[in-house]
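One structure is given below, encoded as structure tokens.
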Amino acid sequence: MSKPFLYVENLKKTFPGARGKDDLTVFENVNFGIEKGEFVCVIGHSGCGKSTILNVMAGLDESSDGYVFMDGKEVQGTSLDRGVVFQNHSLLPWKSALANVTFAVKSKWPGWSKEKVRDHAMQYIELVGLKGSEDKRPSQLSGGMKQRVGIARAFAIEPKMLLMDEPFGALDALTRGSIQDELLKICAETKQTVFMITHDVDEAILLSDRILLMTNGPHAQVAESVTVPIDRPRKRETLVRQDGYYETRNHLVDFLVRRSKELQGEYVQDDGTTETETETAPARAAAGSN
Ligand SMILES: Nc1ncnc2c1ncn2[C@@H]1O[C@H](COP(=O)(O)OP(=O)(O)OP(=O)(O)O)[C@@H](O)[C@H]1O
């Protein structure tokens with residue numbers, strides 16, 4: 001069986017304990033794959049290691065064991081093949097919205113003329129609905145507009161994989177909704193491959209093809225991969241009336257409320273059964289066994 005476009009195999013992260021305390025294994029035996037063009041969300045309780053996994057996938061952090069492969073190559077260090085969007089938008093405050101995007105575009109394609117860089121960046125500024133505000137600095141933009149610049153910048157480098165860590169977590173509900181709509185539109189147009197962390201079950205159902213469910217930490221694992229059975233194009237306003245919405249939502253909520261804790265510290269196997277940690281640990285070659 002061929003490997004997925006991106007796969008994570010037996011990933012583990014242990015942080016050294018502070019001042020004589022035990023080391024902390026946040027997650028282990030984490031296995032999953034993402035196909036090209038797929039939108040995959042991950043959900044799990046605070047502290048189970050979602051951001052750490054994303055940082056390892058981005059090449060910003062190193063795992064203690066296991067590896068991440070993308071497009072046939074092991075991920076080692078950062079690369080313009082992977083775009084990252086964080087909750088706090090991390091823009092360069094002294095540059096305009098457009099210059100924040102052109103800066104990234106120039107890094108990706110250093111040989112391009114000034115005009116080509118600007119035209120390319122403007123396409124993405126328009127795509128996120130910021131035409132007319134391109135000359136404003138981050139301090140002159142609202143939280144939602146800043147996040148839009150971050151998204152435009154990440155999409156503009158046309159990364160092979162876009163990694164988003166709770167990108168809308170700090171936004172009010174209205175702004176969040178309109179940016180979700182834009183993200184749906186952009187992903188439909190660009191067929192971007194996305195891995196996104198969210199705490200919002202409805203956001204995950206609206207945006208994802210598949211949702212990974214993580215057990216609680218420490219020793220967290222990806223326990224399930226839930227395919228969202230709702231046709232595209234999807235609309236926020238009509239999502240709750242679409243077949244499969246309530247079943248999916250109930251399943252996710254039941255996992256978060258009950259099963260994520262029950263499964264904590266157990267090895268989840270391919271057939272859905274579990275073993276406790278004291279039993280033999282299975283080497284689950286699960287990359288691609290979504
Ligand atoms: N540099 C570090 N040193 C020690 N422990 C760390 C470090 N970074 C993260 N941790 C611990 O690892 C665990 C997982 O952190 P992480 O931020 O990946 O979780 P998360 O699932 O993304 O949480 P949240 O949903 O709250 O953002 C936490 O217990 C955190 O305290």
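So here's what we get for this one:
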quantity	calculated
Of all residues in the stretch 188-208 being surrounded by fewer than 20 Cβ atoms within 10 Å (Cβ to Cβ) and on the phi < 0 side of the Ramachandran plot, the one that is farthest from the ligand (Cβ to nearest atom)	Glu189
Filter result for Asp61 (within 15 Å of the ligand (Cβ to nearest atom) and either among the small types (Gly, Ala, Ser) or not in a strand (DSSP E or B) (or both))	yes
Subset of the stretch 1-24 [without any contact (Cβ under 8 Å) to a residue 40 or more places away in the chain, more than 8 Å from the ligand (Cβ to nearest atom) and touching a strand residue (DSSP E or B) at 6+ places or on another chain (Cβ under 8 Å)]	Gly17, Asp23
Qualifying position, being basic (Lys, Arg) and under 26 Å from His251 (Cα atoms), among Lys50, Lys12, Lys95	Lys50
Matching residues, the stretch 125-146, being part of a helix (DSSP H, G or I), at pLDDT below 90 and under 19 Å from the mean Cα position of the chain (by Cα)	Gly144
Which listed residue, of Ser260, Ser208, Ser289, is at pLDDT 95 or above and small (Gly, Ala, Ser)	Ser208
Any chance Phe27 is aromatic (Phe, Trp, Tyr), in contact with a helix residue (DSSP H, G or I) (Cβ under 8 Å, 6 or more places away or on another chain) and either assigned to a strand (DSSP E or B) or more than 10 Å from the ligand (Cβ to nearest atom) (or both)	yes
Subset of the stretch 185-214 (residues that are in contact with a Pro (Cβ under 9 Å, 6 or more places away or on another chain) and closer than 17 Å to Thr248 by Cβ)	Met196, Thr198
Scan of the stretch 41-69 for residues that are within 21 Å of Lys191 (Cβ to Cβ) and crowded, with 23+ Cβ neighbours inside 10 Å, ordered by number	Cys41, Val42
Subset of the stretch 161-198 (residues that are assigned to a loop (DSSP other than H, G, I, E, B) and either outside the structural domain of Tyr246 (by TED's automatic domain parsing) or at pLDDT 95 or above (or both))	Thr193, Thr198
Subset of the stretch 1-24 [at negative phi and in a strand (DSSP E or B)]	Leu6, Tyr7, Val8, Glu9, Leu11, Lys12, Lys13, Thr14, Phe15, Leu24
Cβ-Cβ under 7 Å pairs, at least 6 apart or on other chains, the stretch 25-52 side assigned by TED's automatic domain parsing to the domain that holds Leu207 and free of Cβ contacts under 8 Å to residues at least 40 places away in the same chain, far side of a type outside the set (Lys, Arg) and outside any strand (DSSP E or B)	Thr52/Asp61
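The values are calculated or read from the model by the stated rules, or taken from the named source; none is laboratory data. Predicted model, so just to flag it, every value in this text is computed and none were measured. Cβ atoms come from the backbone with ideal geometry, glycine included; neighbour counts cover every protein chain shown.
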